[in-house]
Ligand SMILES: C[S@@+](CC[C@H](N)C(=O)[O-])C[C@H]1O[C@@H](n2cnc3c(N)ncnc32)[C@H](O)[C@@H]1O
């Protein structure tokens, strides 16, 4: 298991603005569609979205479980909870979605109370990830499923004039996560929580054209700030960012990152 790292991300208004930009990019919209397909939420089901952030996924899941379904969305950040609540209200979904402040490692829900748990890009921030997965397993009804989406930060890159500097910048970004390589460890964690893996799929985000509204471009300010905090020389960092942003000619730009979706089930009653 990776150890918990320093510099945890603070999910405040600034982080929310960055998240909004990246999570509305075509790449992440497509990724959510793929994640929902694997989770396969059904009308009438009840679900929990752990670490709901700005509720992009929660709002889509609420529509998947309609009619008759219910969604609980929790997040540990007060700022995110307020934003998510406002978005749920604006979407007219307050009857079917309840947004609460709470922690992934101490879910305020009864045992066996939901059909599914979704945790997208959340567990990598949680130092006690084994505790969080165990909590998700606890609240799943027998036969229910947990779907987790996570990034392996070793599998993230940009084409740049200085590949070694790219590695250092990406590693600086990765250091803000408690578990930057969580996909590799998830199968073991799911098993330890008594769940059985049913799907494990890669979700690549690949960009071959510079587009300021893409995920890769949206990550540049986040990567820059992580690199500066890690003590990489400011001039080097600016050179790196400028190089990538200047790659607007056909064939010059390349960004890729790999995320993974793992779906695991709790055994039906009477089965192991
Ligand atoms: C990158 S965002 C992902 C948001 C959302 N899952 C999505 O895919 O749109 C991570 C979110 O996890 C939340 N978070 C981090 N640690 C948490 C914890 N221990 N319990 C609950 N939420 C947590 C953060 O506040 C943040 O809103």
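The values are calculated or read from the model by the stated rules, or taken from the named source; none is laboratory data. Note that this is a predicted model, so its numbers are computed, not measured. Positions of Cβ are backbone-derived with ideal geometry, glycine not excepted, and every protein chain shown enters the neighbour counts.
On the given criteria, is residue 168 surrounded by fewer than 20 Cβ atoms within 10 Å (Cβ to Cβ) and modelled with pLDDT of 95 or more? Against the criterion (surrounded by fewer than 20 Cβ atoms within 10 Å (Cβ to Cβ) and modelled with pLDDT of 95 or more), residue 168 qualifies. Count of the stretch 193-211 residues, restricted to those that are touching a helix residue (DSSP H, G or I) at 6+ places or on another chain (Cβ under 9 Å), in a loop (DSSP other than H, G, I, E, B) and touching a residue at least 12 places away in the same chain (Cβ under 8 Å), is 3. Looking across the stretch 110-123, the residues that are away from the ligand (no atom under 11 Å from the Cβ) and either closer than 23 Å to residue 174 by Cα or surrounded by fewer than 19 Cβ atoms within 10 Å (Cβ to Cβ) (or both) come down to 110, 111, 112, 113. Residue count for the stretch 62-86 satisfying the condition of being in contact with a helix residue (DSSP H, G or I) (Cβ under 7 Å, 6 or more places away or on another chain) and away from the ligand (no atom under 11 Å from the Cβ): 2. Within the stretch 31-53, take every residue that is within 13 Å of the ligand (Cβ to nearest atom) and surrounded by fewer than 21 Cβ atoms within 10 Å (Cβ to Cβ) and give me the one that is nearest to residue 115 (Cα to Cα). Checked the stretch 31-53; the qualifying residue nearest to residue 115 (Cα to Cα) is 36.
Could you tell me whether residue 9 is near the ligand (Cβ under 9 Å from one of its atoms) and either assigned to a loop (DSSP other than H, G, I, E, B) or at pLDDT 95 or above (or both)?
On the way: near the ligand (Cβ under 9 Å from one of its atoms): yes; either assigned to a loop (DSSP other than H, G, I, E, B) or at pLDDT 95 or above (or both): yes.
Answer is yes for this residue.
Checking every residue in the stretch 248-268 against the condition of being more than 21 Å from the chain's Cα centre (by Cα), under 24 Å from residue 39 (Cβ atoms) and crowded, with 21+ Cβ neighbours inside 10 Å gives at least one match. A count restricted to the stretch 200-215 and to residues that are under 19 Å from residue 124 (Cβ atoms) and either exposed (fewer than 15 other Cβ atoms within 10 Å of the Cβ) or at pLDDT 95 or above (or both) stands at 4. Look at the stretch 87-104: where a residue is over 11 Å from residue 75 (Cα atoms) and touching a residue at least 12 places away in the same chain (Cβ under 8 Å) and a partner is assigned to a strand (DSSP E or B) and more than 11 Å from the ligand (Cβ to nearest atom), sitting 6+ places away or on another chain with Cβ atoms under 7 Å, you get 88/97; 88/99; 96/70; 96/71; 97/71; 98/72.
For the structure I just gave you, tell me whether residue 59 is part of a loop (DSSP other than H, G, I, E, B), surrounded by 18 or more Cβ atoms within 10 Å (Cβ to Cβ) and either free of Cβ contacts under 8 Å to residues at least 40 places away in the same chain or away from the ligand (no atom under 14 Å from the Cβ) (or both). No: the conditions fail for residue 59.
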